[in-house]
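What follows is a single structure, written as structure tokens, with notes after it.
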Amino acid sequence: MARSQDRSVSDLARRTLQQDAFERTRRRLTTVLGAPPVAGATDPDRPVRTLYDAEHTTDLPGRQVRTEGSEPGTDATVNRAYAGLGATFDLYLNAYQRHSIDGQGLPLNATVHYSEGYNNAFWNGEQMVFGDGDGEIFRDFTLPVDVIGHELTHGVTQYTANLTYFGQPGALNESMSDVFGSLVKQYLLQQSADQADWLIGAGLLGPTIHGVALRSMKAPGTAYDDPMLGRDPQPATMDDYVRTGRDNGGVHINSGIPNHAFYLVAEALGGHAWEQAGQIWYDALTGGELSSGATFADFAQLTVASAHARYGPGSEREAVVKAWAEVGVLEAQPVGATPPGTSPADNGMPAPVVVGQIPPGPPLGEEDDDGE
């Protein structure tokens, strides 16, 4: 969009990218320095939500417009944001016994109507912020509840593994947000894995855009193909891994690979994806062993260990190994008796072999933060 010949499109896109760069820097600083201390909720089993209206400025948090327990008002964007914060809180509490984003009842603050025609939403390290979209290419960013869950999950990652926002750890960071953002929607709708659409941001694209969503976990690379946006660049396997200096080393692009691995696990296990598949991913993210610089292979091996630790050497572990093998990160290994000590984390099970390496490609160098 920023390279469009249409000045009305390119100017808006460039303003969005400039603001994104500023806010992403704030978020990176928060991951390094830590968020300012905030008192937790008196009852951590209940959300504490406060909504603000920036009134189309970039001043945060803005004017307070709704607090926890108050009745819905006439602003549909405020009401959707309030409901989406609650839906995300509910998934983490009920599925994983996590009390809000930090695990200690952190109040959830969000600002709507940020800037003019702002085509994005973000977690800035302390609160949620939603743009209204430009109305043509993107609609209101509070419309898809999975986008709300996605951004809040950046907060969960911040308070747990604190994954570096560049390259493979950055793509894992984005993938965690897509995984749990999708699970927020599935939990809210009580959908099974085979009923879910596995789309991130369905309904967000404008009426003239050729596409269905921002990303597809089921079929990465197929979410949109439009003259204005280009073609969805996400790969599904390591064979098509994208080497780039743009988008913080491809964090929104290569996240398609771990996204697809999660979809394959959820599909194989069936039922509600937030239960077994989501539990395995949550254990790996929050268990304390995932380093801030983790690669896809590091995370994959942790999910295998997490599946074994929680469910034993059965179908759950097999599904995880098979999924990571299918996307080219691990090599499938037969499940069976092996000499003790082969893999301490797996209690004697064979350790999956790492096969996914970053393919050679053009040199890095283009610096350009992409949206969302």
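The values are calculated or read from the model by the stated rules, or taken from the named source; none is laboratory data. Quick caveat: nothing in here was measured; it's all calculated off a predicted structure. Every residue, glycine among them, receives a Cβ derived from its backbone with ideal geometry; neighbour counts consider all protein chains shown. Side chains included, ligands, DNA and RNA excluded: accessible areas come from the protein's heavy atoms. Shrake-Rupley method; radii C 1.70, N 1.55, O 1.52, S 1.80 Å.
Where the accessible area of region 53-176 is counted over protein heavy atoms with a 1.4 Å probe, how much of it, in %, is carbon and sulfur? Write down the numbers at each step before the final one.
Values: 1770 of 3960 Å².
C and S fraction of accessible area: 45 percent.
Which net charge results for the neighbourhood of residue 219, defined as the other residues with beta-carbon distances under 14 angstrom from its beta-carbon, given Lys and Arg at +1 and Asp and Glu at -1? It works out to a net charge of -4.
How much FRET efficiency would the formula 1/(1 + (r/R0)^6) give for residue 192 and residue 237, where r is the Cβ-Cβ distance and R0 is 30 Å, rounded to 0.05? Working from the Cβ atoms, E equals 0.75.
Residues of region 250-264 with an amide N closer than 19 Å to a point placed 7 Å from the Cα of residue 2 along the Cα-to-Cβ direction: 250-255. Rolling a 1.4 angstrom probe over the protein heavy atoms with all chains in place gives region 105-173 an accessible area of 21 Å² per residue.
Distance between the pseudo-spin-label points of residue 90 and residue 210 (7 Å out from Cα toward the beta carbon): 3.8 nm.
Restriction of the GluC sites (Glu not before Pro) in region 41-148 to DSSP coil positions whose beta-carbon has at most 14 other beta-carbons within 10 angstrom yields 55, 116.
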